[in-house]
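Presented below is the structure to which this report refers.
The values are calculated or read from the model by the stated rules, or taken from the named source; none is laboratory data. As the structure is a prediction and not an experimental result, all values here were calculated from the model. Cβ coordinates were reconstructed from backbone atoms using ideal geometry, including for glycine residues, and neighbour counts include every protein chain displayed.
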Ligand code: HEC
Ligand code: HEC
């Protein structure tokens, strides 16, 4: 966490009082319909510049892998809030049988991550793309998956650009960047990354359209349980989550909070025995079952950073499991139990115990990296079962697609008609998610 964040004192009283004056959005059915509107393909293209439209097409262009069939969007799909819709611990590459070592994070809100740097005032690393910050910018990041042998697997830039020249987006590329710019491999490769990065910067990929955001602008009311959960989340004597996943911006505003300070920490996540990395060919993992992911330590070359990973955003967290750099936890209740009891339960006899087995056995395996574990801010929170339930209810309010922040006056009839006309996206997923409390199934969409 940031040391200065320790000074923050979330005033729950103020929050509670404010909600009394805020009006409710209306019938809960609308909630589900709005989810479809906000994350729908039509909403996603509405406000894109020509370069961003190109970037969007390239992000989903499956002709740019070797062999064809995989795009950025394969592992960062809108249907899974821009994570891997297979929801495995790590993602399969385009070459059958090959897997990466890390769980695919969401691309939503990545554009708001500062460049990788060492903050001298805070004495900590902040920002950067990837869980270990090894790409400073979105452009640097976007150049890597095309050439990664366990992802899109092209041998070199020239073969990516050759595919782009003969692919479905060549004409649009030339019309956005100029007729000749596909001819020079290096220049074209830079522009490919630039277009994708600028798509990732589009407002539609930083939606701020959760129930929490709706509450902040008076378009929704948090239930007493969700408010109690927010309190658990923020109270340093309870969940203390906001110490690293702040619920305010650096200037103290709740609006626009990213629920991460983009710092790095080793919170002691165990090895995930279900991570396919351990059985990958020696070319990709020479260590076999002894593989250890040292995270930030590999980026900085400092052993004091071994085991530290970037604090992820908790926006959309209920939809983006499994969790942590290696997908160790499959449910949020496992995650919260880990924060609550990491230092209370005994160590599992077998260090390769899955999270669900650990829950059954009442133990936690040793951390993947023992050194540098954060023993101060988590591990023995003393949360009651009610605290835990409330916290989980609050985390559910961070799922985008609850409302459309661009819609100033909510016109129920109009939204319903528009919403029912939409197709595509992970509607089935959203439907499953919302159907119980929002009656979406009844709309028959
Ligand atoms: C095979 C699955 C896969 C593909 C294909 C893929 N990614 Fe990723 N992406 C990942 C994984 C896994 C990570 C985390 C890797 C790490 O930290 O080392 C990641 C990380 C990222 C991040 C950093 C997010 C953060 O919070 O730090 C961005 C941005 C991103 N990918 C964008 C892209 C773009 C753009 C493409 C296409 C050019 C792409 N990805 C292709 C799996 C994939
Ligand atoms: C000391 C800083 C710190 C505190 C305090 C903290 N977290 Fe985290 N959190 C992290 C880091 C770092 C990661 C990523 C760790 C990894 O991947 O190994 C993480 C990951 C997570 C994830 C998984 C996100 C994903 O996309 O996989 C969830 C969920 C989460 N935290 C929830 C919470 C909750 C709830 C609390 C309060 C009970 C909390 N965190 C307190 C630093 C912190």
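Summary of computed values
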{"item": "Residue within region 70-77 that is closer than 28 Å to residue 302 by Cα, in contact (Cβ under 8 Å) with a residue 60 or more places away in the chain and outside the structural domain of residue 329 (by TED's automatic domain parsing) present", "result": "no"}
{"item": "Some residue of region 269-280 being more than 15 Å from ligand 1 (Cβ to nearest atom), surrounded by fewer than 18 Cβ atoms within 10 Å (Cβ to Cβ) and more than 19 Å from residue 328 (Cβ to Cβ)", "result": "no"}
{"item": "Test: residue in region 216-223 that is part of a helix (DSSP H, G or I) and modelled with pLDDT of 95 or more", "result": "yes"}
{"item": "Residue match in region 349-370 (condition: under 19 Å from residue 87 (Cβ atoms) and within 14 Å of ligand 1 (Cβ to nearest atom))", "result": "no"}
{"item": "Residue that is surrounded by the most Cβ atoms within 10 Å (Cβ to Cβ), among those in region 141-165 that are more than 10 Å from ligand 1 (Cβ to nearest atom), in a helix (DSSP H, G or I) and in contact (Cβ under 8 Å) with a residue 24 or more places away in the chain", "result": "161"}
{"item": "Members of region 293-331 found to be out of contact with any strand residue (DSSP E or B) (no Cβ under 7 Å at 6 or more places or on another chain) and closer than 20 Å to residue 397 by Cβ, listed by number", "result": "312, 313, 314, 315, 316, 317, 318, 319, 321, 331"}
{"item": "Output for region 304-322, where each listed residue is within 7 Å of ligand 2 (Cβ to nearest atom) and farther than 18 Å from residue 261 by Cα", "result": "320"}
{"item": "Inter-residue pairs, beta-carbon under 7 Å, first within 18 Å of residue 136 (Cα to Cα) and in region 96-113, second outside any loop (DSSP other than H, G, I, E, B) and near ligand 1 (Cβ under 7 Å from one of its atoms), 6+ apart", "result": "104/75; 107/200; 110/129; 110/138; 110/200; 111/138; 111/200; 113/129"}
